[in-house]
Amino acid sequence: MHFVMMHAPLTAIEAETAARSRAAAIAVELSAAAVTFGQGERAVAALQATELRIPDGEFVALVGPSGCGKSTILKLAAGLVRPSAGVVVVGGREVAAKALRIGMAFQNPTMLPWLTIEQNVMLPLKIVEPYRSQFRRQRKASFRDKAHALLAQVGLTGFATRYPWQLSGGMLQRANLCRALIHEPRLLLLDEPFGALDQFTREELWSILQDLWLVHRPTVLLVTHDLREAGFLANRICVMSARPGRIIDDSAVAFARPRTIAMTFEPDFVALNQRLRDLITDARRAAPAPSEA
Amino acid sequence: MPRPEIRQKLASAGLIVLFFVGWEVFCVVSGMSDLILPRPSQVFVTLVQRLPVLWPHIVQTLVTTMIGFILGVALGILLGALIGVSKTAYDTVYPLLIGFSSIPKVAVVPIFVLWFGSGTVPAVLTALAICFFPIVVNIATGLATTEPELEDVLKALGASKFDILWNVGLPRTMPFFFASLKVAITYAFVGTVLAETVASNRGIGNVMMSASSNFNVPLLFAGLFILAALGVALYVAFSLIEARVTGWATRRNDLAAAA
Ligand SMILES: Nc1ncnc2c1ncn2[C@@H]1O[C@H](COP(=O)(O)OP(=O)(O)OP(=O)(O)O)[C@@H](O)[C@H]1O
Ligand SMILES: [Mg+2]
């Protein structure tokens, strides 16, 4: 493939994490993982036995009809939901033990209103080791610099000491992205992070996310309803069937990076979009009636 | 925009002055007996003259209120945190709490007197019993309203239950907590005076009770004025603390705490 390979200088911790996950080579692995919520009559099958292997450093987009279990896969990878059957391995270990640093962002920015933007962005550093034990000591100033650098990258210079209510929805979502990245996660889980934004902000954030990914190379799993977004950002797109979902199509996206918005209007890209659209339309049509679940 | 605010404050102050002037005029014009409704000027004179005698009682009432309030807050935080964090505890404890809170608290004073004799202890206990409930409800509500998405983000980072409680649950609860303090201090005050009236030999409640049986009506009203002043002062003090500590909550209406 013709990616522009760029590596930021690695810190000791990063090098260690990278080495460990490279040894495993697979960042996320679902083996026959199925999820059923609830029990007895009210049980809802959210996910059929699903196979998914995501090599370290890959950018995977997950698309599919609403309610098919995309968020469920994300939560499996985050260790928030246990598989009812099958196995989920993240960073070479079964989920419960946190083997990888994980960053997450949802459609709703959920900033804490009593903290400034920089404090909100620095929240993961108060929780994740090794930052956590350094937080009270002198490192705080360097953490703040780190937060400011990230905020600058997403175009929020000068808003670090504002409070969330002083920012627009799009600005909050930028800050949300920073919060997901501040602790240099090796696995980034994004659930429709740009879903509530206007077209222009969304496209701008695609480019920012691509740049960040090119520098840090985390493994990314992105859930989205926007097929252009999937095509623009991902190396690989997985399409899911209707609920209870499974992966019905898994294809590589080979466009050169860095990709540009203009590329999304070229014939190859449009053809990819069209193919994904058809797959999802068929999946929706084939959906069983809700009562048969 | 300070202008409408100032006008508002002037209007409130004016209304209070008008109320006393109206009362004075009414007494003078109607020739109302002192034994039924003394003139406010009379009451103020009594208040100033008797202040040295009244002072220990004021202190007594205040101290009793504060002790009952502090104990009530401690108990309220404990119970509120318990039922706010654990769904099981919530389901188990809540019916009992509701039952307890719906008992009119005057009814428990005789029981406290029976157990502890008349005096400070029943007053403290009455204040406690009456003021802890709003704290429990507000703490529990505050803790229970954490956004599930934020909780997911933090859990994925490996946050423990305590991390989430410390970084998100507790700060989010603060506006609810301080709003409930304001209510609780008022309740504690009511409880104290109630118990003093029924069974004590000290405190403003008791002063008013004996003034009433001696037909010392100006002193009775002086007691009432003191209670009003103390009640307002306590409420204002806790409102100011609330505004300082949880100013962020008033910027966003959807987070405004329920009193
Ligand atoms: N905690 C839960 N309890 C019960 N059922 C759930 C729970 N979470 C999800 N489900 C069900 O599982 C199914 C899949 O949910 P999921 O959130 O993974 O869908 P999704 O693909 O992310 O949908 P959308 O695109 O609309 O976000 C849905 O039918 C949903 O009703
Ligand atoms: Mg979803």
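Rule-based calculations on the coordinates, nothing more; no lab input. All of these numbers come straight from a predicted model, not from anything done at the bench. In this analysis, Cβ positions are derived from the backbone assuming ideal geometry, glycine residues included, and neighbour counts consider all displayed protein chains.
For this structure, a couple of remarks:
- Shape of chain B, Cα gyration tensor, a/c cut at 1.5: oblate
- Placing unit charges on the Cβ atoms only, positive for Lys and Arg and negative for Asp and Glu, gives chain A a dipole magnitude near 1000 debye about its Cα centre.
- Each of B:Val236, B:Ser212, B:Pro52 was placed along the dipole of chain B (beta-carbon charges, centred on the mean Cα), and the one lying farthest toward the positive end is B:Pro52.
- Dipole axis of the protein assembly as shown (+1 Lys, Arg; -1 Asp, Glu on Cβ), positive-most option in B:Ser160, B:Ile70, A:Pro109: B:Ile70
- Residue-averaged beta-carbon neighbours from other chains (10 angstrom radius) around B:139-150: 2
- Each Cα pair under 8 Å and six or more residues apart adds its sequence gap; the mean of these over the residue count of chain A is a relative contact order of 26 percent.
- When +1 charges are put on Lys and Arg Cβ atoms and -1 charges on Asp and Glu Cβ atoms, the dipole computed for chain B relative to its Cα centre reaches about 420 debye.
- For the protein assembly as shown, the Cβ-based charge dipole about the Cα centre amounts to some 1000 debye (Lys, Arg positive; Asp, Glu negative; other atoms uncharged).
- For the peptides B:19-32, B:211-224, the ranking by mean Cβ contacts within 10 Å, running from highest to lowest, is B:211-224, B:19-32.
- Three-way shape label, the protein assembly as shown, alpha-carbon gyration tensor, a/c 1.5: prolate
- Prolate/oblate/rounded call for region A:112-183, Cα gyration tensor, a/c under 1.5 rounded: prolate
- Chain B, relative contact order [Cα under 8 Å, separation at least 6], %: 25 percent
- When B:Lys155, B:Lys87, A:Lys140 are sorted by how many other C-beta atoms sit within 10 angstrom of their C-beta, beginning with the fewest, the order is B:Lys87, A:Lys140, B:Lys155.
- Ranked by the mean number of other Cβ atoms within 10 Å of their residues, highest first, the peptides B:191-200, A:266-275 fall in the order B:191-200, A:266-275.
- Note on chain A: antiparallel DSSP beta bridges, both residues inside, total approximately 55 percent of the bridges counted.
- Average other protein chain Cβ within 10 Å of Cβ, residues A:101-109: 4
- Neighbouring partner chain Cβ atoms per residue of B:154-165, average, 10 Å criterion: 6
- The protein assembly as shown, helix-only ellipticity at 222 nm - DSSP H runs n ≥ 4, -39,500 (n - 2.57), divided by all residues, nearest 500: -18500 deg cm²/dmol
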